[in-house]
Structures are given as structure tokens and as C-alpha cells.
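Undergrad: Dropping a structure here in C-alpha cells format, bear with me for questions.
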Amino acid sequence: MANNTKQFRWIVVVQQNLDWLYADEPNVFVVGDLFWYPVQGRNTLVNAPDVMVVFGRPKRDRGSYKQWEEDNIAPQVVFEILSPSNSQEEMEKKLLFYDRYGVEEYYIYDPDSNRLRGWLRGEDGLEPIASMANWVSPRLEIRFDLSGEELQIYRPDGGLFFSYIEICQLLEQERQRAAQAEQQLVQQQQRAVQAEQRAILAEQQLTQEQQQAEAMKELLRRYQERFGDLTE
């Protein structure tokens, strides 16, 4: 779990941008701070990556990621955002965990020092990436740029990952669009009901006019039977 605002901001940036990147892919699951249990019956074997990406698993709500219930598919890409409370021992244990249980790409970013480290699975497990400058993730196809004061991440189309503020603005825009769409739907439903009511009234009026016309015809027929055709 994030324990300071800077760490939380970066977790949100990475998780939300990756989620939007794969928004149209129903079988790519992107999540942050979710317990991952790799082995059934071993509840002490657990980790909660700051962000993890699982290809081949559907998007849906989960209380935790139990790998044996997910076609035994391990998260392929994992991100950790460092905070001052993270110890070297803790991070070494995380690396061993991700190495042992099948992670393909593992990235650690320290926002305080603007340092990014990465590991890529090779023949002997997770191996350190020699240089992260302009590194492109084989799985995600995103590019990491460390040339500035803080990490910049670029989408496969070359666009920059949204900032925390931009994410908040986009979420607010989405909320407003959803509210407007709901309001428009209600108005359309109201117009449809009004149109249906007008159609019913028009049908009733037409029926009444037809009944009146039939009554007049019947009255005229009876009058002619009694008094004859007045036009003769």
C-alpha cells in the first residue's frame, strides 16, 4: 500500500494509464495493490505489487488474485514504486518472489532519486536490464525516458502517460459525460412516453370520430327508412 502522496501519485499514474491503454482488451487485467497468491493452500506465500498486468485474464472485480483460479497464469509485468520505508531486504524478497513465480518483466521506480531499475526474464530467470534509458517494454511496448527531472513514460503510439492531475481531470470529465448521457437518456425516454401518449390520444380521437360517423350514418339510414330520400 502507498504510504506517502508521491508514491500514491505514481501508482495511480502507472495503473490508470496502463488500464486505459488496454481498455479495449477484455483479457488484459491491470490492477494495483491486490494480493497475489501463486500457490493454492499456501496463504503465507503472497505479495501485493503496486501495479501488475496479467495478459490472458478477463477484466472483473476480485478480492485477490488466486493464480490457481486464473488458469494458473502469473502476472507477466509488475511495477513497484519505492517509498522511504522500503528496505533493501524487503525489495530483495520481492525480487525473489517475482522471479520464482513467473513474472516476465519487473520494474522498480524510486521517485525521490528518479532511479528506474528493471529485470527481464531470461533462461536463468529474471535478469537485470543493463540500461533503462529509453528502454521499451517487450510486453507493454511502452518507453521509459529518464532524461528529465522525473520519469516520463510513453505509450506505444508515442503519446505521453497522463499526469496525476490530468487523470483527475479526465475522470471528472468522464463523470460529467456519464451524467449528461444519463440526463439525455431520461429526456429521450420522457419524449418517447409523451409521443406514445399523443399517439394513444390521437387513436382515441380517431376512434371517437369513426364512432360518431357510424352513428350519423345509422341515424340517416333510419330517417330515410321512415321518411324517404329527401333529395327526391
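Matching residues to (1) free of Cβ contacts under 8 Å to residues at least 40 places away in the same chain; (2) part of a helix (DSSP H, G or I):
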site: 157; (1), (2): yes, no
site: 162; (1), (2): no, no
site: 170; (1), (2): yes, yes
site: 194; (1), (2): yes, yes
site: 220; (1), (2): yes, yes
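Undergrad: Also, quick follow-up: Among the residues of the range 150-163, are any closer than 30 Å to residue 110 by Cβ and surrounded by fewer than 10 Cβ atoms within 10 Å (Cβ to Cβ)?
TA: Taking every residue of the range 150-163 in turn, at least one turns out to be closer than 30 Å to residue 110 by Cβ and surrounded by fewer than 10 Cβ atoms within 10 Å (Cβ to Cβ).
Undergrad: Please enumerate the residues belonging to the range 1-30 that are over 23 Å from residue 116 (Cβ atoms) and assigned to a loop (DSSP other than H, G, I, E, B).
TA: Hits for the range 1-30 are 23, 24, 25, 26, 27.
Undergrad: Among the residues of the range 1-30, write down those that are hydrophobic (A, V, I, L, M, F, W, C), surrounded by 16 or more Cβ atoms within 10 Å (Cβ to Cβ) and either within 28 Å of residue 85 (Cβ to Cβ) or under 10 Å from the mean Cα position of the chain (by Cα) (or both).
TA: 2, 8, 10, 11, 12, 13, 14, 18, 21, 29, 30
Undergrad: Looking at 33, 71, which is the one that is surrounded by 13 or more Cβ atoms within 10 Å (Cβ to Cβ), in a loop (DSSP other than H, G, I, E, B) and either on the phi > 0 side of the Ramachandran plot or in contact with an Asp or Glu (Cβ under 6 Å, 6 or more places away or on another chain) (or both)?
TA: Answer to the check: 33.
Undergrad: Which of the residues belonging to the range 86-111 are assigned to a loop (DSSP other than H, G, I, E, B) and closer than 18 Å to residue 51 by Cβ?
TA: Result: 86, 101, 102, 103, 104, 111.
Undergrad: So which residues in the range 85-124 are surrounded by 14 or more Cβ atoms within 10 Å (Cβ to Cβ) and small (Gly, Ala, Ser)?
TA: 102, 118
Undergrad: If only one of 15, 88 is polar (S, T, N, Q) and either over 17 Å from residue 151 (Cβ atoms) or outside the structural domain of residue 144 (by TED's automatic domain parsing) (or both), which one is it?
TA: Only one candidate passes the filter, namely 88.
Undergrad: From the residues in the range 5-58 that are in contact with a strand residue (DSSP E or B) (Cβ under 8 Å, 6 or more places away or on another chain) and among the aromatic types (Phe, Trp, Tyr), which one is nearest to residue 152 (Cα to Cα)?
TA: 10
Undergrad: To continue, here is another question. Can residue 145 be described as surrounded by 11 or more Cβ atoms within 10 Å (Cβ to Cβ), over 23 Å from residue 28 (Cβ atoms) and charged (D, E, K, R)?
TA: Judged against the criteria, residue 145 is a match.
Undergrad: Could you say which residue among 12, 78, 53 is farther than 26 Å from residue 127 by Cα and among the aliphatic types (A, V, I, L, M)?
TA: Criteria check complete, one pass: 12.
Undergrad: Would you mind finding the one in 218, 203 that is among the acidic types (Asp, Glu), surrounded by 10 or more Cβ atoms within 10 Å (Cβ to Cβ) and under 60 Å from the mean Cα position of the chain (by Cα)?
TA: None of the other options fit; the residue is 203.
Undergrad: Which number in (1) modelled with pLDDT of 90 or more; (2) of a type in the set (Lys, Arg); (3) more than 27 Å from residue 85 (Cβ to Cβ) marks the one condition that residue 117 misses?
TA: It is condition (3) that residue 117 fails.
The values are calculated or read from the model by the stated rules, or taken from the named source; none is laboratory data. This structure is a prediction, so every number in the text was calculated from the model and none was measured. All Cβ positions, even for glycine, are placed from backbone atoms using ideal geometry, and neighbour counts span all protein chains on display.
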